[in-house]
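Below: one structure, written as structure tokens.
The numbers here are math on the coordinates, done by the rules we state, and not lab data. Note that this is a predicted model, so its numbers are computed, not measured. All Cβ positions, even for glycine, are placed from backbone atoms using ideal geometry, and neighbour counts span all protein chains on display.
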Ligand SMILES: Nc1ncnc2c1ncn2[C@@H]1O[C@H](COP(=O)(O)OP(=O)(O)OP(=O)(O)O)[C@@H](O)[C@H]1O
Ligand SMILES: Nc1ncnc2c1ncn2[C@@H]1O[C@H](COP(=O)(O)OP(=O)(O)OP(=O)(O)O)[C@@H](O)[C@H]1O
Ligand SMILES: [Mg+2]
Ligand SMILES: [Mg+2]
């Protein structure tokens, strides 16, 4: 039994060498699949990265009652900082407010009014996992209930727009990713089915010689796994070149790269699994 | 000669029926390729759509000399409207300025100051083809030189950021699109090569019977084109379902759909071309 | 060993075999004669279960083969050595690998395989070709490899379909000798052939077919 | 018509044909004899340019075939009717389509094809099978289809490689008659065979090979 299993494994290896054209084509298919996977994933983490960067700018603005003095305002400011989800805050005194006035009207408020009548306030950033329209609205509502808070501004309109945009993109990325997954498996198993189809004569001879389905299947499956490994190695080599290019382009456009600790085992495991699933599906369908 | 050509065309049709498994698999490959193409293009026009929508918000803010009265300001406002690239403008009188003040400080300016000391100004939108950081900066510079203009504000920082982001996305989309194009051709021609490989015995027999390369090639190429047509029809059917889904989702997320006038001939032409190129490459490589 | 009881196996109304009854003993060699298209290959294919039998029973080594479960067919086929009319060699393997294949299927150890394959190639005189591909040897050489592949596993039943069609008289005679000698080990041999001059001098039993029916 | 001048075509040092010289006239049938592995198929393959010739010249119908440009080889092959030892039928076409193929390659009109294919199938007695696939007919029937495919285009040169290996004596004789009758139309026929009893009564010229060399 052991010598038979060894023979079948060995057969799988030799099948690669015996029928080079189909083996090469299957490997290329898996290689391409892995490239598409990797690039899609690369696109996805970049989208995600850009999205997180944008959400960094989400903040809640608070204005205090005009009747309160600076110290009272500071107390309220500090109590807001303790609210769950608030990461950090920026206290806005009269001078900061004047700067903001200047930013929008490009005039010094004291110059045109004589005094600085602007209200005190604070800007708050939320922790990354709270950067979402719904959650931030809830936080803004909570702040609004605090005594001495005159007004809470959360630009939910703009944020909703950006959020919506990013969500659309990520949804699209997911739809595409899911499609790619299904497509890859179909593609690989079709390619392997074709290579099996081109050996249909040999398969029927093996059956007439008394080979069980297992005996016929195993070499194909091992060949499939090896083709997957081959495709994975090819894709890693190509991705390495892609990395060099991206590193070079890093100066021109910001990109997030997949870490090699994820990329290398990921490609090898997915490649071999594709080979395994593809050949298993292919040969099983054929033998039915 | 005519009867021979007719025979070869007919052979191409019959090859589809004779070897169903390879024909179906080739059609599926082309179908998948077209789906990827269509979805990628769908993703691209959505990106483009979102990008244009964002750029709609790009504008140039202008403030006028405080010493000028309303009519003088209006004259300057109108002269700015005539500048090349300016699409439309919004004159900001004292009341509008007060509203802006309220938007940022959430107080009525007359209430806290007593009068309305805010400057007059205008907001200008540029025509779509001018919505670009470099071009808008140039326009802003031009406005700045006009007599009576106190200040021109063009938020080049924010715009640069959004521009950069969108450009990154579109660059990514183009890299992926290019990759898909190359990959599809390889994929289709590999699949067709495998189907040819499975007929290698028959090809060598045809040669021994005195068939020219042209005689051997033509049926494969016609078969390839038909497989392309089959794949295109399959993809159109699937895309139709995808459209129904998208129309249903339209309520939840904004999407731009490809017009059927582009989609239908596009898929058929690309599908048949893929079949043609794939089978031509496949059989030519094989016969060499 | 091989027992046909009113066996009918048809492809259409007038092609196939009809109502055949015969018996072949352990250690016996029987020739299946008949012109082209008479149904000789059909008889053999019915035995190794390549085609279904519509009527009657085929009993091999005491087992009614219609009772064999689909899952068990491979194991049944392992006990039969078949020489196919069209050889059915695997072109992507060497001669050695082709002959070794049935032993690998039977799960024989590598050492035994090595010895047995060398032995049988020696016997048919083609040891020199062991590293060649079937596409690179002559038609008669291919035929002898197909014979070697059937004999290498010392089967209880040997089915030979026109095993000398591509061989000259001398070599053909040697092959029939080889098949004949297999009966000494207890095998039952059924050999389909049209070559009457080849088998006439042997005075063995033969079954004659014509249009799927038994003569005499 | 077929002229070998000191032809050597080898696969290795001791396999192939060595220094063959012979001549076959228009309208002549010649048998190529020799045991298995003697080089008969190699002679035929050298003629239809399936293998390269290392030394000597082969002249067919006045043309030195080594001078034929690669692009012109298909046109040269169209003038030859070859019956391959392993038939080389296309399994994905019907018998009719297989036989019609050389005519399609030669660009004959559909009407003529129809007539000629029916004619030749009638002559070899297999018209009933015209809609069958080669996989669904017997070995001998396949062989006769291969013969029909070679004869259908009325070639000037007919190369027959063991065309009766799967046929009984009566049918074999009919086939040789058929090949012989083709010489009446002026064709040169070269038929490789081991079946000496088949050709002996015909008193035709034969070339005998042994280990790639000409005897006598
Ligand atoms: N798969 C098939 N489908 C339909 N008809 C078939 C099939 N196989 C064989 N036949 C027909 O059955 C008859 C017997 O065929 P078989 O192969 O048994 O003949 P045979 O005696 O072996 O002939 P040969 O000596 O030519 O090999 C023939 O007429 C043949 O055409
Ligand atoms: N493609 C090849 N590569 C290497 N050796 C070959 C090849 N084809 C044939 N040979 C060898 O050349 C010799 C002659 O082969 P050939 O096929 O001409 O024999 P043949 O006379 O036709 O025999 P048979 O009667 O068995 O068909 C044989 O020893 C064979 O092994
Ligand atoms: Mg038969
Ligand atoms: Mg030969």
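The angle between the Cα long axis of helix B:70-81 and the main principal axis of chain B comes to about 20°, on a 0 to 90 degree scale. Each label point was placed 7 Å from the Cα along the Cα-to-Cβ direction; for residue B:213 and residue D:127 their separation is 4.2 nm. For chain D, the relative contact order comes to 33 percent (Cα pairs under 8 Å, sequence separation of at least 6). Eigen-decomposition of the gyration tensor built on the alpha-carbon atoms of chain D gives equivalent ellipsoid semi-axes of 28, 20, 16 angstrom, largest listed first. Dimensions of the range B:59-154 from C-alpha coordinates, computed as largest minus smallest value along each principal axis and given longest first, are 42, 26, 17 Å.
In the assembly of identical copies, residue B:175 has its label point, taken 7 Å from Cα in the direction of the beta carbon, separated from the corresponding points by 2.4 nm (ascending, one decimal). On C-alpha positions alone, give me the angle between the axis of helix C:95-105 and the longest principal axis of chain C, in degrees, nearest 10. The angle comes out near 60 degrees.
A convex hull fitted to the Cα coordinates of the protein assembly as shown yields 227 cubic angstrom per residue.
Computed from the C-beta positions of residue D:173 and residue C:5, the FRET efficiency with R₀ = 45 Å rounds to 0.80. Our summary gives the range A:59-154 a relative contact order of 47 percent, counting only alpha carbon pairs under 8 angstrom and 6 or more residues apart.
Between the C-alpha center of the range D:5-37 and that of the range D:59-124 there is a gap of 23 Å. Considering all different alpha carbon pairs of the range B:153-288, the Kirkwood hydrodynamic radius works out to 18.2 Å. Once the Cβ-Cβ distance of residue B:245 and residue B:52 is raised to the sixth power relative to R0 = 22 Å, the FRET efficiency obtained is 0.35.
Just how many % of Cα pairs in chain A lie over 36 Å apart, if you round to the nearest whole percent? Cα-Cα pairs of chain A separated by over 36 Å account for 47 percent. Considering the rotation that superimposes chain D on chain C, the residue of D whose beta-carbon lies nearest the axis, and that distance in Å, is D:165, 2. In this assembly of identical copies, the label point of residue B:96 (Cα plus 7 Å along Cα-to-Cβ) is separated from its counterparts by 3.1 nm, sorted shortest first.
Would you mind ranking D:135, D:183 so that the residue whose beta carbon has the fewest other beta carbons within 10 Å leads the list? Mind showing how you got there, number by number?
Working: D:135 10, D:183 18.
Ordered from fewest to most neighbouring Cβ atoms within 10 Å, D:135, D:183 come out as D:135, D:183.
Both radii are taken from the alpha-carbon atoms of the range A:1-91; with Rh as the Kirkwood radius, Rg/Rh is 1.57.
Between residue D:67 and residue D:136, the modelled label-to-label distance comes to 5.0 nm, taking each label 7 Å out from Cα in the direction of the beta carbon. The mean number of partner chain beta-carbon atoms within 10 angstrom of a residue's beta-carbon across peptide A:192-198 is 6. Express the relative contact order of chain B as a whole percentage, based on alpha carbon pairs under 8 Å and six or more residues apart in sequence. Relative contact order of chain B: 31 percent.
The modelled label-to-label distance for the pair residue A:200/residue B:181, using points 7 Å beyond Cα in the direction of Cβ, is 3.7 nm. Each other copy holds its own label point for residue B:269; taking that point as 7 Å from Cα along Cα to Cβ, the gaps run 4.5 nm, nearest first.
Just the ratio, please: alpha-carbon radius of gyration of the range D:111-199 over 2.2 N^0.38 Å, N its number of residues.
Working it through for the range D:111-199, the quotient is 1.06.
What the Cβ-Cβ distance of residue C:114 and residue B:9 gives, at R0 = 45 Å and to the nearest 0.05, is a FRET efficiency of 0.25.
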